[in-house]
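Reviewing the structure listed below.
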Amino acid sequence: MTTRSSVGTVPAPTNPPSVGTSDDTLFRKVTLRIIPFLFFCYVIAILDRNNIGFAQLQMKHDLSFTDAAYSLGAVFFFVGYVLFEVPSNILLHKYGARKTFARIMVLWGTCSVVMVAVSNSTQFYVLRFLLGVFEAGFFPGIVLYLTYWFPARRRAGALSVFYAGVAVAGVLGGLVSGWIMRGMDGVHGVHGWQWMLAIEGAPAILLGVIAFFFLKDRPSAAPWLSAGEKRRLEDVLANDGKPAEHSHSLLAAVGNPYVYVFAFVYFCLTSGILLLLFWMPTMIREFGITDIVQISLYSAIPNAIGAVGVILIARRSDRRNERKWHFIVCGAGAAAALALLTSHGLGFALSMALLTAAAVFIYAAHPIFWSVPASFFRGSSAPASIALVSTIGVTSGTITPYLIGLIKTYTGSMNNAFYFIAFMLLLACTAMFFALRSERARSLHKA
């Protein structure tokens, strides 16, 4: 007899844990308690990370920045983020989520508010670097934190909410940031972009304080769970797989080849996200729309549908308790949609449909992907392993946008960029396929 697992088809265990409809009420209670709050925190994080893209519309003029100077400041964020992501996740495992998330949000919010005083390039570079340092570890920390509350077969659905948050922040950020920059420009002698960075950063400070009192590190410390619910949750999580033994967490993570396989997959996935974040308006303009307001409105369509699609696909992955083929279908589907966008004479409606399909599949692949390393890495090395995957993968932010820009500059078209990202997504599918068919993956996912 066989049963579906999160990595494919494996032999059925003799006494499989009961994690079915009888537990739906329990996990619905857990979800409603922690997911909405963390989702709102993540939306603020995305706003504070990406609002510099709106700020540069005014900032470059006000501070006499060249495009190169602005781009360098944007890169400094990723430098700080990459350097401190692993240490942040290790601290979360050691000191708990409420202290770690409180520290992260209060410090990044304070850094954003201090941006109101920026008057030269040096201050801008330093604060962007510090923002990366302070925000480092937030999303991989969420990935790790969810392993304390959800078994592997329910985790993609929970993670899907956060990737929906990326799309929601993309829709809301333009409206809110633009209104603040225009409406607050010159108030008390402060530029609109400075007001925008401060106003959007302030909620993170308040959320950090709330997180310290609201979040609980483990189910055993949750007063909103009954004694029976705590025991049941602990039993489900205990039966979710046997921890691997590791002598040293960071050294074990660095020496684990699967860390680099998953990091490569994540690098390819984030390259797809960056294509959407930085180049979607350019794509829509090449579809024949020239008015900037119409471009903004049309840009909301792939993000809005993507927010819904990511949740539906991830929940289906959870219901089927299957990751490998859901991921491959999403990656291959996005690659096919991008490749078809290079065809001539598609028309605006079909082009938008293909762009929307690419967005849905790229967004949906992320929570499915993250449910794998969150289950794959066990024991004391899990925090460092998850953070290292994210750290290496997120370096795409310093490479991919520049490469796409070069392609666009030298060819005058986005077509080769579509082929490039499509190829990266197919490589991600291939790497995931071989990683999850290995005997090691099979043994770690036996329930």
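The values are calculated or read from the model by the stated rules, or taken from the named source; none is laboratory data. Remember, predicted model here, so these are calculated numbers, not experimental data. Heads up, the Cβs are rebuilt from the backbone with ideal geometry, glycines too, and the neighbour counts pull from every protein chain shown.
General remarks:
- The range 189-215 residues that are on the phi < 0 side of the Ramachandran plot, paired with ones that are β-branched (Val, Ile, Thr) and not in a helix (DSSP H, G or I) (beta carbon under 8 Å, 6 or more apart): Gln194/Val118
- Ser396 vs. criteria crowded, with 23+ Cβ neighbours inside 10 Å and under 27 Å from Ile90 (Cβ atoms): no
- The set of residues in the range 113-144 that are buried (at least 24 other Cβ atoms within 10 Å of the Cβ) and either in contact with a Cys (Cβ under 7 Å, 6 or more places away or on another chain) or not assigned by TED's automatic domain parsing to the domain that holds Thr31 (or both) comprises Leu131, Phe134.
- Every test in (1) crowded, with 19+ Cβ neighbours inside 10 Å; (2) more than 30 Å from Leu91 (Cβ to Cβ); (3) out of contact with any Ser or Thr (no Cβ under 8 Å at 6 or more places or on another chain) is passed by Ala300 save one, and that test is (1).
For every residue, the table says whether it meets (1) within 30 Å of Met432 (Cα to Cα); (2) of a type in the set (Gly, Ala, Ser).
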residue: Pro281; (1), (2): no, no
residue: Ile305; (1), (2): yes, no
residue: Val308; (1), (2): yes, no
residue: Arg316; (1), (2): yes, no
residue: Arg323; (1), (2): yes, no
residue: Phe327; (1), (2): yes, no
residue: Ala334; (1), (2): yes, yes
residue: Ala349; (1), (2): no, yes
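- Among the candidates Gly228, Gly208, the residue that is loosely packed, with under 13 Cβ neighbours inside 10 Å and part of a helix (DSSP H, G or I) is uniquely Gly228.
- For the residues Val236, Val265, Val259, the requirement of being modelled with pLDDT of 85 or more and assigned by TED's automatic domain parsing to the domain that holds Ile52 singles out Val236.
- Considering Leu250, Leu207, Leu197, the condition of being out of contact with any His (no Cβ under 6 Å at 6 or more places or on another chain) and modelled with pLDDT under 75 is satisfied by Leu250 alone.
- Only one entry of Thr100, Thr110, Thr147 meets the criterion of being of a type in the set (S, T, N, Q), more than 26 Å from Ile311 (Cβ to Cβ), at pLDDT 80 or above and surrounded by fewer than 24 Cβ atoms within 10 Å (Cβ to Cβ), and that entry is Thr110.
- Those residues of the range 364-390 which are closer than 21 Å to Leu92 by Cβ, at pLDDT 80 or above and either among the aliphatic types (A, V, I, L, M) or surrounded by fewer than 24 Cβ atoms within 10 Å (Cβ to Cβ) (or both), in sequence order: Val372, Leu388, Val389
- Any hit, the range 350-363, residues being buried (at least 17 other Cβ atoms within 10 Å of the Cβ), of a type in the set (Phe, Trp, Tyr) and part of a helix (DSSP H, G or I): yes
- Just one residue in the set Ala169, Ala164 is surrounded by fewer than 24 Cβ atoms within 10 Å (Cβ to Cβ), closer than 21 Å to Ser299 by Cβ, among the small types (Gly, Ala, Ser) and within 14 Å of the chain's Cα centre (by Cα); that residue is Ala169.
- Residue count, the range 110-168 (criterion: of a type in the set (A, V, I, L, M, F, W, C) and outside any helix (DSSP H, G or I)): 4
- Residue match in the range 413-429 (condition: free of Cβ contacts under 8 Å to residues at least 40 places away in the same chain and surrounded by fewer than 19 Cβ atoms within 10 Å (Cβ to Cβ)): yes
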